[in-house]
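Have a look at the structure below before the remarks.
Please treat every number below as a calculation from the coordinates, not as lab data. These numbers were taken from a predicted model, which means no experiment stands behind them. Neighbour counts run over all protein chains shown; Cβ positions are idealised from the backbone, glycine included.
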Amino acid sequence: MESIPLGKALFTAFKPLIWANFRGLETLLKLQLGLKKWDMVPDTPIEKDASCSLPIVTPGLFEGFKDGSIKPVRGSFERYEEDQIVLTNGEKVPCDLSILAVGWQLGVPYLAQEYQDKLIEHDGQYRVYRLAVNPDMPDMGFVGFNSSFCTILSAEMIANWLVRYADGKLANQPSDEDMNRNIEEMLDWRRKERPAAKVYGGLCSAPFHFRHFDELLSDMGAGKTKRSNPIAEQFSYPDAASYGEFLASAPQYTAG
């Protein structure tokens, strides 16, 4: 990220406020969802793990907890014994059918290996500037790599950025050197300062999507990047209509 020394100084100055903000968020989630009652309070502070791996509440899940149709268990399958499953906590659950859903694996198998080697680091992180392009692959860009808690907006923002980048029409068009330097800084930040940001190959822009969007708008030369209401700007969620106004304040793109 740019202005790293300034960013570190601001982080140090506001560290107590940041800490209090996260504790307040944890308290709110515990009260809203009854996490303590269901033994679902994480062992790790939310700021250490907050990323795209943080699940959104599934509709009906906590209602199922309350009516007994769903039983939350901290653990996983350990082994099968005849008509039951033995869980890692020692509990035995009778069952006829078990489904162990472990998610999915990120990858770009449609790319030739020579391109994958340029794109993906040894630890699975992606070498992409603004989570969209790689300077060693100048004719290729990715829309949707910059996933977040507002993925549709994230994809729309990067699509607007990418067409300008591809035509050399960004107000702040980066050089290959600029991009490689930023990529290295981001990789170093994820590895040393925020390991949770390495989830999904480091492609998740949460929880810094406001910073990510600000960078995209600055690159595009937007004249307006903040809402007029300072309270909404500081404490509310990303608003798609507002970002529509911000994009409209940038030089309008026309195909070259």
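Just to confirm a number: summing +1 for Lys and Arg and -1 for Asp and Glu over residues other than Met40 whose beta-carbon lies under 14 angstrom from that of Met40, what do you get?
Numbers: positive: Lys30, Lys36, Lys37, Lys66, Lys71, Arg74; negative: Glu26, Asp39, Asp43, Asp49.
With Lys, Arg at +1 and Asp, Glu at -1, the neighbours total +2.
Normalising by the residue count of the chain, find the relative contact order in percent from Cα pairs under 8 Å and 6+ residues apart. Write down the numbers at each step before the final one.
Details: 235 pairs, mean separation 44.7, N = 256.
Dividing the mean separation by the residue count of the chain yields 17 percent.
Among the trypsin sites (Lys or Arg not before Pro) within region 44-91, which fall in a DSSP loop and have no more than 12 other Cβ atoms within 10 Å of their own Cβ? List each step's numbers first, then the result.
Numbers: sites: Lys48, Lys66, Arg74, Arg79; in loops: Arg74.
Here the sparse-neighbourhood loop sites are Arg74.
Calculate, in whole percent, how much of the Cα-Cα pair population of region 195-256 lies beyond 16 Å. Display every interim value, and only then the final one.
Details: 1005 of 1891 pairs.
Across region 195-256, Cα pairs with separations above 16 Å total 53 percent.
Between (i) 34, 24, 16; (ii) 38, 24, 18; (iii) 36, 20, 16, which matches semi-axes √(5λ) of the Cα gyration tensor in Å calculated for the structure shown?
Working out semi-axes √(5λ) of the Cα gyration tensor in Å from the coordinates points to (ii).
Report relative contact order for region 1-127 in percent, whole number only (criteria: Cα-Cα under 8 Å, sequence separation at least 6).
Details: 58 pairs, mean separation 11.5, N = 127.
Answer for region 1-127 is 9 percent.
For region 113-256, what number results from the quotient of the Cα radius of gyration and 2.2 N^0.38 Å?
Working: Rg = 15.2 Å, N = 144, 2.2 N^0.38 = 14.5 Å.
With N residues counted in region 113-256, Rg over 2.2 N^0.38 Å equals 1.05.
Computed FRET efficiency, Cβ-Cβ of Lys66 and Val143, R0 51 Å: what is it to the nearest 0.05? Kindly include the intermediate steps, with their values, before the conclusion.
Numbers: r = 40 Å, r/R0 = 0.79.
Efficiency, rounded to the nearest 0.05: 0.80.
Quickly estimate the mean residue ellipticity at 222 nm for the chain, helices only: each DSSP H run with n ≥ 4 gives -39500 (n - 2.57), and the total goes over all residues, rounded to 500. If you can, show how the numbers build up before the last one.
Details: 10 runs with 103 residues, N = 256.
That comes out to -12000 deg cm²/dmol.
Counting only pairs 8 or more residues apart or on different chains, how many lysine pairs in region 1-69 have their Cα atoms under 20 Å apart? Don't jump to the answer; show the numbers that get you there.
Details: Lys8/Lys48; Lys15/Lys48; Lys30/Lys48; Lys30/Lys66; Lys36/Lys48; Lys36/Lys66; Lys37/Lys66.
Going through region 1-69 pair by pair, I get 7.
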